[in-house]
1. Gain in length, residue 71 to residue 632, computed as 0.36 nm per residue apart minus the alpha-carbon separation, to one decimal in nm?
2. For labels at residue 331 and residue 311 in the simple 7 Å Cα→Cβ model, what's the distance in nm?
3. In the range 546-590, carbon and sulfur make up what percent of the accessible area (probe 1.4 Å)?
4. Label the range 531-666 by shape, choosing from rounded, prolate and oblate, from the square roots a ≥ b ≥ c of the eigenvalues of the Cα gyration tensor; if a/c is under 1.5 it is rounded, and otherwise prolate applies when a/b is larger than b/c, oblate when it is not.
5. Ignoring ligands, DNA and RNA, what accessible area per residue does the range 295-344 give at 1.4 Å, in Å²?
6. Apply 1/(1 + (r/R0)^6) to the Cβ-Cβ distance of residue 456 and residue 297, taking R0 = 25 Å, and write down the FRET efficiency to the nearest 0.05.
7. Counting only protein heavy atoms and using a 1.4 Å probe, what share of the accessible area of the range 356-420 belongs to carbon plus sulfur, as a whole percent?
8. For the cross-link pairs 437/620; 446/473; 437/664; 376/405; 433/459; 620/664, which exceed 19 Å when the distance is taken from alpha carbon to alpha carbon?
Amino acid sequence: MVKGKSRGSLRWWLRPLGWLLLPPGLYLTLLVVLASVIYWRRELLLSLVSDIFYGTLRLFGWGLVFIVIAIGALAIVVWRRKLPSLIRGWNYWLGASAFVLAIWGLLAFFPGQGVLRRVSLGGNIGLNLIGSTDFIGALRLLLLIIAGVILIAPRASLRFVAKSFSWLGRRFKRQPSATFTHQEEPSLPSVTVSSKPLPAKPRKETVAPIVWLGKQLKRQPAAIPPRQYQPPVSPVPVTDEPPEIAPGRRTAAPGFAPTSKQTELKQVAQEVWKKYGETPNLVTIDGWRLPPIDILDVSPEVQFSQADNVQRAKLIEEALASYGVEAKVVQINAGPTVTQFGIEPGWDRKTKELKEKDRYGNVQIRQEEVSRVRVKVERISSLANDLALALAAPSIRIEAPVPGKAVVGIEVPNTISGVVSLRGVIETSVFQKLQAKSRMSLALGKGAGGEAVVADLTKMPHLLIAGATGSGKTVCLNSTICCLLLYNTPNDVRFVMIDPKRVELTMFNGIPHLAAPVIVDADKALEALRWLAEEMNRRYQTLATASVRNIESYNKNRQGAEKMPFLVLVIDELADLMMSGGDEVEHILCRLAQLSRAVGIHLVVATQRPSVDVITGLIKANFPTRISSAVASQVDSRTILDTGGAEKLLGKGDMLYMPTEAGKPK
């Protein structure tokens with residue numbers, strides 16, 4: 001028992017020693033030992049830390065602040081996993097570093113105080129950056145600043161250098177002519193100076209920066225580099241013959257060979273810019289001057305007689321009342337082609353006869369209203385032909401009800417039609433507000449009530465236009481193209497135009513926005529459609545490499561030729577392509593319509609034969625935005641709009657427009 005007791009007491013004494021060997025106790029022991037050593041050699045350690053601190057301060061100076069900020073910024077970038085953005089914007093980081101070094105060197109020009117009294121505010125590194133505090137040092141600082149500017153804004157720097165050299169070249173060119181004139185002046189005979197002022201010579205500077213038409217044809221190859229946009233169209237002269245398209249060749253469509261037609265276009269452009277070149281509201285984007293709105297004609301507006309409209313409103317009320325329909329005209333909206341009368345439906349009243357005797361015993365009959373119900377809209381719609389007869393109109397259209405209003409719209413043709421000009425719609429506040437948000441804005445026309453109707457091509461995102469021959473669909477196509485040309489440079493929008501009829505879109509040959517000459521041959525049109533499908537896949541790969549979702553995000557921080565341009569495919573006659581290509585045309589169009597919105601490819605397709613073999617179910621499903629001009633029958637109207645009404649149009653440019661978000665055409 002004594003032996004066991006001694007063993008237990010021994011274990012009790014060894015427990016503190018075992019706890020010191022465990023991690024908590026071991027760490028505490030090491031901490032106590034370290035604190036003891038620091039306290040024992042505190043004077044030596046303090047002098048060592050002081051030497052390191054002051055030595056570092058003398059070495060870096062106030063540039064030590066820049067180093068701390070740079071390390072902090074790098075740590076934040078690594079922590080947020082933004083290293084790819086650091087790699088993509090390497091020129092901005094290098095430019096910022098050049099500016100920081102310039103500021104660091106500038107600090108070296110100022111003498112320091114205290115610890116820095118023997119060096120400068122920039123430390124020894126600042127002195128090494130400038131070399132010396134004289135002219136050589138200032139020159140080094142200037143070179144650092146210039147390097148920073150070039151790295152951050154390379155394109156602006158190149159443009160500045162080019163303008164500087166061109167200015168110097170003009171100065172040196174003018175100097176010999178001035179000297180020659182001065183030397184030859186004494187030998188000139190004396191002449192009588194006329195009081196009539198001499199005509200001023202035209203300035204070349206006002207015509208040189210032409211962007212809209214012929215003068216910029218020379219600059220067209222630099223508009224889009226081959227790595228971004230390479231249609232398989234070989235450069236051919238603009239003639240009446242269709243352009244050649246090589247199936248396996250991918251070349252950018254540079255400038256076209258000069259022909260008489262192109263020379264004519266250049267002369268027209270010079271005359272236009274001579275007339276409108278001094279307009280104060282000209283806009284220049286990326287070196288391209290946009291055409292002024294003054295080149296569009298101003299058409300006079302037709303004033304409609306208010307008395308005539310009031311008389312027709314009375315005729316409508318009397319005609320409806322004669323058929324037992326109570327209604328009242330509450331709105332009259334005069335449009336350019338039709339006038340819309342807003343009809344408020346009345347009541348269907350049910351009465352019963354009550355026989356009563358007066359105080360003299362005579363029987364009197366009194367009518368008492370039992371109930372009343374609003375007139376059904378179908379009763380008004382069924383009287384369309386009767387109303388047309390009463391108003392002596394060729395046809396009327398009843399919109400029941402008008403979207404957003406508690407009225408039934410009766411659209412009656414005007415006796416005198418007004419002309420809706422493109423400029424008149426563009427100058428409205430509705431179009432200007434939309435154009436401020438999107439450059440792909442389209443001016444479609446004016447509504448039945450005279451209000452401007454505009455749309456955004458990026459939200460459509462594709463447009464299908466149909467109508468009989470001569471109904472105005474080609475004018476609608478031309479207006480759509482002109483709207484895009486007015487507010488977009490060739491770096492923003494490119495056109496691929498297919499015109500099997502050979503007479504409608506060929507007028508656009510020669511504009512710098514064309515990716516290739518207007519295609520008029522059906523086989524080459526198929527090649528262009530196949531290339532568009534390949535271009536769409538290539539653009540998706542480019543967006544995936546840049547880690548963006550759509551073309552707007554890709555072009556957000558890019559300028560000029562770096563941007564990915566929108567591609568607008570314009571087809572003037574789809575029926576001809578469907579006859580030659582058939583299933584392949586339908587397949588490519590549907591694939592483009594389904595997938596091309598995100599990469600900036602939009603389709604504008606027109607046809608004069610809205611039948612089911614041309615506008616198939618797949619094409620209709622992928623073209624939610626549709627426009628129908630006047631058609632021959634209700635079957636054609638239902639084919640294009642899924643509803644009737646287009647057969648009642650007048651055929652003078654009026655149309656039914658069905659946007660994506662609307663359930664009924666307007």
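1. So the chain would gain 194.5 nm between residue 71 and residue 632.
2. Distance between label points: 2.6 nm.
3. Roughly 42 percent of what the probe reaches on the range 546-590 is carbon or sulfur.
4. prolate
5. That works out to 56 Å² for each residue.
6. 0.50
7. 53 percent
8. Cα-Cα > 19 Å for 437/620; 437/664; rest within.
The values are calculated or read from the model by the stated rules, or taken from the named source; none is laboratory data. All values reported here derive from a predicted model rather than from experimental measurement. So basically every Cβ, Gly included, is an ideal-geometry build from the backbone, and we count neighbours across all protein chains shown. With ligands, DNA and RNA removed, areas are computed over all heavy atoms of the protein, side chains included. Shrake-Rupley method; radii C 1.70, N 1.55, O 1.52, S 1.80 Å.
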